[in-house]
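Right, one structure below, let's go through it.
The values are calculated or read from the model by the stated rules, or taken from the named source; none is laboratory data. Nothing here was measured: the structure is a model prediction, and the numbers come from that model. Cβ sites come from the backbone with ideal geometry, for glycine too, and all protein chains shown count toward neighbours. Heavy atoms of the whole protein, side chains included, go into the accessibility calculation; ligands, DNA and RNA do not. Shrake-Rupley method; radii C 1.70, N 1.55, O 1.52, S 1.80 Å.
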Amino acid sequence: PDESDDGSGVAARDGGGDGRKRVLGAAVASRLVFCALMALSDLLIPDWDDGDPTVAHFDVPSGLRAFARWDAAWFLLVTRDGYTDEQSHFVFPGLPWAIRLLTPTALSQGTGLAVIGVLIT
């Protein structure tokens, strides 16, 4: 029998170091691909806005615009301003609280909130 076999038919684990590295590498790679696709779509697809009050807008630099649209804009607005109107009530408070908790005071407007939101999601 193999040295790692204790007779139970189940091989002993080596701590999973290699497996964890592969999973972490795949997670980081998929996140980078996803972010690149978001940025590319932001460049290629024009914004849609017909004056509909249910479309939220959150001002950030152009490099972060892809991460502050649609529902993300609502989450960022609730993080910054709280629940200001009826449309914002669909936002569950967990993510806004986490973003606010992790964002330093100096970065608590626009860009800082968007960056922390991207990092923790």
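Below is a table of values for the structure above.
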{"read-out": "Top-ranked residue in the stretch 1-47 [being within 21 Å of ARG65 (Cα to Cα) and assigned to a loop (DSSP other than H, G, I, E, B); ranked as modelled with the lowest pLDDT]", "value": "ASP47"}
{"read-out": "Near pairs, Cβ below 7 angstrom, 6+ apart or cross-chain, from the stretch 69-82 (free of Cβ contacts under 8 Å to residues at least 60 places away in the same chain) to any residue that is open to solvent by 30 Å² or more (accessible area, probe 1.4 Å)", "value": "ALA73/HIS57; PHE75/LEU95; THR79/ARG100; ARG80/GLN109"}
{"read-out": "Selected residue (criterion: farthest from the chain's Cα centre (by Cα)) from residues of the stretch 52-79 that are within 28 Å of HIS89 (Cβ to Cβ) and open to solvent by 60 Å² or more (accessible area, probe 1.4 Å)", "value": "PRO53"}
{"read-out": "Which numbered condition TYR83 misses (of (1) open to solvent by less than 60 Å² (accessible area, probe 1.4 Å); (2) at pLDDT 85 or above; (3) part of a loop (DSSP other than H, G, I, E, B))", "value": "(1)"}
{"read-out": "Members of the stretch 92-121 found to be surrounded by fewer than 16 Cβ atoms within 10 Å (Cβ to Cβ), among the β-branched types (Val, Ile, Thr) and not in a helix (DSSP H, G or I), listed by number", "value": "THR121"}
{"read-out": "Every pair of residues 6+ apart whose Cβ atoms lie under 7 Å, when the first sits in the stretch 42-57 and is of a type in the set (D, E, K, R) while the second is part of a loop (DSSP other than H, G, I, E, B) and at pLDDT 75 or above", "value": "ASP49/VAL55"}
